[in-house]
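A short write-up of the structure that comes next.
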Amino acid sequence: MEAKTINSSKKEEQPRPPVVVILGHVDHGKTSILDYIRKTKVAEKESGGITQHIGAYQIEIPSPNSQQDKKKITFIDTPGHEAFSAMRSRGAKVADIAVLVVAADDGVKPQTKEAIKHILHLNLPLIVALNKIDKPTALPDKVKKELAENGILVEPLGGQVPLVLTSAKTGLGIDELLEMILLVAEMENLSNDINKPASGVIIESRLDPKKGAVATLLVKEGVLKIKDCLAAESTFGVIKSMENFLGQQIEEAFPATPVLIIGFNEVPPVGEEWQVMPSLEEARQKVMAKAALEKPKREMAEILDINPEQKVFNIILKADVSGSLEAIYETLKSIPQDEVIIRILKAEVGEINENDIKLAEAAKARIYGFRTKAQNLAEKLAERKNIKIKTSPIIYELVQIVRHDASLLLNPQINRQKIGKVKILAIFKTEGKKQIIGGRVLSGQIIRQGLFEIIRQEEKLGEGKILQLQQNKQPVISVGKDKECGLQIESEVLVDKNDILEIFQEEKIKRNL
């Protein structure tokens with residue numbers, strides 16, 4: 001392929017649309033707000049053309065200053081703040097403005113706090129959308145105070161953070177929210193040099209069985225064109241096909257535009273930065289040089305120092321798109337792993353295949369899939385090898401499944417309840433670890449199959465189990481206070497006359513990570 005001449009000498013700044021990310025706690029209405037905006041602000045004939053999720057879309061609305069002047073807004077439609085966090089962890093500043101969605105009837109929750117942390121860390125301009133304001137149980141004043149306690153002082157309380165009352169159900173406040181986004185964007189004076197070589201961030205990616213690696217790119221600088229040579233951090237290629245969020249073929253994309261492209265050699269991870277290179281060879285060399293320095297691996301085999309008290313739960317993750325994969329990976333890594341290490345042997349986009357089954361068999365691993373399925377041959381092999389495969393279309397649910405399965409390796413919590421005491425009056429027979437003895441119940445009761453501690457002169461000597469219990473030479477299940485009885489017991493420590501047996505029961509309680 002011929003090398004392209006990339007013109008970057010003449011600077012030409014042009015205003016561009018704001019890129020907006022919507023964050024907040026689960027079930028507070030992030031997706032509902034995005035869906036409402038998409039359905040009402042993308043023209044009907046165009047919205048019918050949205051056939052697949054590409055991780056971002058654009059709308060066009062009248063400017064707050066002029067109804068004739070149309071302004072665009074780009075929305076990043078991520079699986080949640082986990083994926084946004086994954087992008088941030090790679091150093092990619094994806095969004096210009098954050099909208100924090102908080103339910104007016106629920107308030108500030110753990111994921112709200114996590115989102116606030118990300119927003120403040122990136123120093124992003126922020127707008128609060130107080131959603132579900134139409135609910136009778138809404139307590140907006142309470143939520144405003146909770147936000148203030150977490151470092152977000154909204155305008156109604158004398159702060160500088162704009163607050164908009166919304167309802168994704170009725171559409172209340174959505175137009176005001178969009179106008180506020182444009183006003184904040186205007187104050188930020190967003191612009192880019194379109195003569196720079198195009199560059200940006202990968203916001204979604206997946207493996208298409210027919211098309212190969214498919215990626216959604218957000219253009220940050222310059223103008224991206226069909227047949228451009230690209231270098232991401234882990235892969236490279238030439239743009240063979242470029243579509244906008246409506247699935248329409250386009251020839252070029254300006255800053256803040258999301259595009260779906262085909263052409264990368266491999267599926268790039270979400271959050272990687274990319275740039276246009278003069279030639280395919282230079283793109284390849286750039287990627288190879290970085291690989292030689294960092295040796296990044298998508299098969300995330302981890303070498304860990306594991307102490308003998310820790311247990312290891314090996315898993316293989318497969319997902320439909322890279323963004324979801326990153327979200328699940330980040331969430332699993334946040335689970336406490338003091339006792340059980342969740343070791344991700346492989347995290348990959350695509351269907352579950354035979355290689356996954358073979359790796360699972362060799363490593364005694366389980367396979368988990370998000371919005372993906374096992375290929376027919378892989379499914380049959382898994383059945384034959386008894387390899388567990390579990391899938392779910394919901395990130396939170398899949399994480400909970402992994403968490404539950406890993407928790408099965410935890411030792412249960414044992415609650416011990418003392419139920420009685422018996423004093424040994426006579427030793428009738430000793431045979432190895434077993435003894436037949438006679439005794440009197442001092443308190444409570446003793447039961448057949450009960451456990452006991454041996455107490456001699458107030459010192460604990462060992463433990464054992466009651467195998468058989470008799471009263472008046474008849475087998476019984478229990479014997480109460482002040483009654484005499486015969487016992488067959490088993491213990492590593494032999495008991496003696498006048499020893500006290502403290503009888504107890506144990507309840508095993510399952511623990512969770």
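The values are calculated or read from the model by the stated rules, or taken from the named source; none is laboratory data. Owing to the predicted nature of the structure, the values given are computational and were not obtained by experimental measurement. Neighbour counts are summed over all protein chains in view; Cβ atoms, including those assigned to glycine, are modelled from backbone coordinates with ideal geometry. Quick note on the areas: whole protein, heavy atoms, side chains included, nothing else; ligands and nucleic acids left out. Shrake-Rupley method; radii C 1.70, N 1.55, O 1.52, S 1.80 Å.
Screening 102, 94 for residues that are buried (at least 18 other Cβ atoms within 10 Å of the Cβ) and at pLDDT 95 or above leaves exactly one candidate, 102. Would you confirm, using the coordinates I've provided, whether residue 339 is farther than 24 Å from residue 512 by Cβ and either open to solvent by 40 Å² or more (accessible area, probe 1.4 Å) or free of Cβ contacts under 8 Å to residues at least 12 places away in the same chain (or both)? Criteria not met by residue 339. Among all positions in segment 394-405, there is at least one residue which is among the aromatic types (Phe, Trp, Tyr) and more than 14 Å from residue 316 (Cβ to Cβ).
Take residue 99 and tell me if it is under 24 Å from residue 186 (Cα atoms) and touching a residue at least 40 places away in the same chain (Cβ under 8 Å). Yes: the conditions hold for residue 99.
Yes or no, residue by residue, for (1) closer than 28 Å to residue 116 by Cα; (2) at pLDDT 60 or above; (3) outside any loop (DSSP other than H, G, I, E, B); (4) open to solvent by less than 50 Å² (accessible area, probe 1.4 Å):
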position: 2; (1), (2), (3), (4): no, no, no, no
position: 5; (1), (2), (3), (4): no, no, no, no
position: 10; (1), (2), (3), (4): no, yes, no, no
position: 14; (1), (2), (3), (4): no, yes, yes, no
position: 20; (1), (2), (3), (4): yes, yes, yes, yes
position: 28; (1), (2), (3), (4): yes, yes, no, yes
position: 36; (1), (2), (3), (4): yes, yes, yes, no
position: 54; (1), (2), (3), (4): yes, yes, no, yes
position: 59; (1), (2), (3), (4): yes, yes, yes, yes
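Each row is one residue, and each column tells you yes or no for (1) outside any loop (DSSP other than H, G, I, E, B); (2) surrounded by 16 or more Cβ atoms within 10 Å (Cβ to Cβ).
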| residue | (1), (2) |
| --- | --- |
| 415 | yes, no |
| 424 | yes, yes |
| 441 | yes, yes |
| 449 | no, no |
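Residue pairs whose Cβ atoms lie under 6 Å apart, separated by 6 or more positions or on different chains, with the first residue in segment 392-412 and on the phi < 0 side of the Ramachandran plot and the second modelled with pLDDT of 90 or more and assigned to a helix (DSSP H, G or I), are 392/398.
Name the residue that is surrounded by the fewest Cβ atoms within 10 Å (Cβ to Cβ), counting only residues in segment 131-150 that are charged (D, E, K, R) and over 28 Å from the mean Cα position of the chain (by Cα). Checked segment 131-150; the qualifying residue surrounded by the fewest Cβ atoms within 10 Å (Cβ to Cβ) is 141. Restrict the check to segment 350-365 and report whether at least one residue is closer than 17 Å to residue 323 by Cα and surrounded by 16 or more Cβ atoms within 10 Å (Cβ to Cβ). Yes, segment 350-365 has at least one match. A single member of 414, 454 is β-branched (Val, Ile, Thr) and at pLDDT below 95, and it is 414. Which of the residues that make up segment 413-468 are within 30 Å of residue 310 (Cα to Cα) and in contact (Cβ under 8 Å) with a residue 60 or more places away in the chain? Matches in segment 413-468: 413, 414, 415, 416, 417. Here residue 266 does not qualify as crowded, with 19+ Cβ neighbours inside 10 Å and over 21 Å from residue 194 (Cβ atoms). Assigned to a strand (DSSP E or B) and of a type in the set (Lys, Arg) - does that describe any residue in segment 162-174? Within segment 162-174 (the criterion being assigned to a strand (DSSP E or B) and of a type in the set (Lys, Arg)), the answer is no, since none of the residues qualifies. Condition (residue is open to solvent by less than 10 Å² (accessible area, probe 1.4 Å) and polar (S, T, N, Q)) applied to segment 383-396: is it met by at least one residue? Taking every residue of segment 383-396 in turn, at least one turns out to be open to solvent by less than 10 Å² (accessible area, probe 1.4 Å) and polar (S, T, N, Q).
One residue is enough: does segment 302-325 have a residue meeting the conditions part of a loop (DSSP other than H, G, I, E, B), more than 15 Å from the chain's Cα centre (by Cα), more than 19 Å from residue 405 (Cα to Cα) and at pLDDT 90 or above? No, that holds for no residue. Scanning segment 479-505 for residues that are of a type outside the set (D, E, K, R), assigned to a strand (DSSP E or B) and open to solvent by less than 50 Å² (accessible area, probe 1.4 Å) turns up 479, 480, 485, 486, 487, 488, 489, 491, 500, 501, 503, 504. Identification of strands (runs of 3 or more DSSP E) wholly contained in segment 194-288 with 2 or more residues that are under 31 Å from the mean Cα position of the chain (by Cα), at pLDDT 95 or above and farther than 20 Å from residue 54 by Cα yields no element.
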